[in-house]
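The values are calculated or read from the model by the stated rules, or taken from the named source; none is laboratory data. Given the structure is predicted, the values throughout are model-derived calculations rather than measurements. Note that each Cβ is placed from the backbone with ideal geometry, even for glycine, and that neighbours are counted across all protein chains shown. Areas reflect the complete protein model, heavy atoms only, side chains present, ligands, DNA and RNA absent. Shrake-Rupley method; radii C 1.70, N 1.55, O 1.52, S 1.80 Å.
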Amino acid sequence: MTNESISTSTQTEDTIVALSTANGFGAIAVIRLSGLQAIEIANAVFRGKNLEKQASHTLHFGQIADGEIVLDDVVVALFIAPKSYTKEDVVEISCHGSPYIVQAIIKLLLQTGARAAKPGEFTLRAFLNGQLDLSQAEAVADLIASDSKASHQIAMQQLRGGFSSQLQVLREKLVNFASLIELELDFGEEDVEFANRDQLKNLILEINKVIFELIRSFELGNVIKQGVNTVIAGRPNAGKSTLLNALLNEDRAIISEIPGTTRDTIEEILNISGVNFRLIDTAGIREATDTIEAIGVQKTMDKISTSALLVYVFDVNELSETDLQTDLEKLQREGMPIIAAANKVDLAGKNSIHFNSSDEIKFLEISAKEKQHIDELKTLIYNTAIQGRLTGEETVITNIRHLEALKRTNEALKRVLYGMENPVTSDFLAMDIKQALYYLGEITGAVTTDDLLENIFSKFCIGK
Ligand code: GDP
């Protein structure tokens, strides 16, 4: 590690400072100090009253001055340790939101003894001081990044302790067994069993069940965090662009009567009931001779391969049942549901295809132009993608680091189970249990390394 990187063992003596609100102009900006000397440093540049004599959780109006020069009128908030975000003394200075003033005040605080905070360092301190466990600290980053009701909800749940407290309880039970098995090892040759094998087995099965649910929830968690990739595909002139506009209620995509006008792909975010869907409009899927169109066709297939959902649009008056079947077969991919939107039902001479919805393909008659059944389509998109999996109560993991640790825990526990059913010695059993404990601990932060912390907190913004 370089001197610049975060260390878990040193520097908590330092008082750190950073702008905690977004960069740029604003009505106000908040500069945050945390550490042993936070109040002393703030007091040295504050005119108004003696901040060192004030109670915790109080606000104070005054000026920040560099010698004779007053930099700004400010309001100072005091949080005395341990009742603060970092569990250290924290001072928050609300000044006017001018980048010049912010820079001047921070420069002054640096000259007075504070050090510039590194990315995520406030939250790192909160973690090191036991305010948050690791998955909660990560939830802070997710919370700040959340851009939809669903991603906000999941981050909030994780921040409140969510699944890490549940794992912590199970981990402690497993720690007990590990120590009993260690004890057996101490007795060496003697054939003693302190750890009840049936109970151990039940505990492992219980942990694996929780882990399995969490691993499964990742798929959903991930799509919610990133947005659900939804491709809109169909033959040229089927009405894809019109539908995209109807869904978004805007006129973004170019609509025209010339087949194949949507040359490239267009991506728009549609929020349905709090979940973000990334709608990707594609060029026609017709076998094209025109090269630009052909690129579009390939793109469609590429986009489909990374999508969670496909909305296939077809002109109900033009497309034959055979062509419809051919298209659907071409587009179908294992595990990706298709919504087939039978478009232009407003036109006279509606043909008489009967659509039978199945688990994989759901039919809905719409008119993109006349905005008929657009709300029904939105509901169908939501239900197809989420399938009742988001109720607000369940635990959903969204973090790839957690997923990896859970998978490794699961593998280690499987080895323990195997060891119990096969003639392996207690020391192997103990080793596998320790491995499982290690990986479980990585999620909650019971086990950390500098590298791990560095990796997590360096992704935070400065000031968090
Ligand atoms: P795309 O090539 O699939 O993107 O198709 P467009 O959205 O550009 O639509 C092609 C033509 O079909 C345009 O003239 C639209 O106005 C028309 N169109 C699209 N949806 C409907 C519909 O529901 N009813 C009718 N009557 N015309 C539609």
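Tabulated results
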quantity: Kirkwood-based shape ratio for the stretch 359-456, expressed as Rg/Rh from alpha carbons; calculated: 1.29
quantity: Of all DSSP beta bridges in the chain, antiparallel share, percent nearest 5; calculated: 60
quantity: Principal axes of the stretch 39-175: Cα extent on each, largest first, Å; calculated: 62, 33, 24
quantity: 19 Å Cα cut-off, lysine pairs counted over the stretch 130-244 (separation 8 or more, or different chains); calculated: 4
quantity: The chain - percent relative contact order, Cα under 8 Å, separation 6 or more; calculated: 17
quantity: By average C-beta atoms within 10 angstrom, highest first, the peptides 174-182, 439-447; calculated: 439-447, 174-182
quantity: CD proxy at 222 nm, helix term only [per DSSP H run n ≥ 4: -39500 (n - 2.57); per residue of the chain; nearest 500]; calculated: -14500 deg cm²/dmol
quantity: Prolate/oblate/rounded call for the stretch 416-461, Cα gyration tensor, a/c under 1.5 rounded; calculated: prolate
quantity: Among 302-311, 369-378, the order from most to least packed when residues are scored by Cβ within 10 Å on average; calculated: 302-311, 369-378
quantity: Linear extension gain, residue 458 paired with residue 226, 0.36 nm per residue minus alpha-carbon span; calculated: 81.5 nm
quantity: Global geometry of the stretch 105-153, whether rounded, prolate or oblate, following the gyration tensor of its Cα atoms and the 1.5 cut on a/c; calculated: oblate
quantity: Taking N as its residue count, the alpha carbon Rg of the stretch 22-115 over 2.2 N^0.38 Å; calculated: 0.99
quantity: Peptides 57-69, 220-232 ordered by average Cβ neighbours within 10 Å, highest first; calculated: 220-232, 57-69
quantity: Gained length - residue 107 relative to residue 61, 0.36 nm times residue gap less alpha-carbon distance; calculated: 14.5 nm
quantity: 425, 112, 384, reordered so the largest accessible area comes first (probe 1.4 Å); calculated: 425, 112, 384
quantity: Heavy-atom accessible surface of the chain: percent carbon and sulfur, 1.4 Å; calculated: 51
quantity: Principal axis dimensions, largest first and in whole angstrom, of the chain by Cα; calculated: 84, 80, 37
quantity: Cα gyration tensor shape for the stretch 134-195, rounded if a/c is under 1.5, else prolate or oblate; calculated: prolate
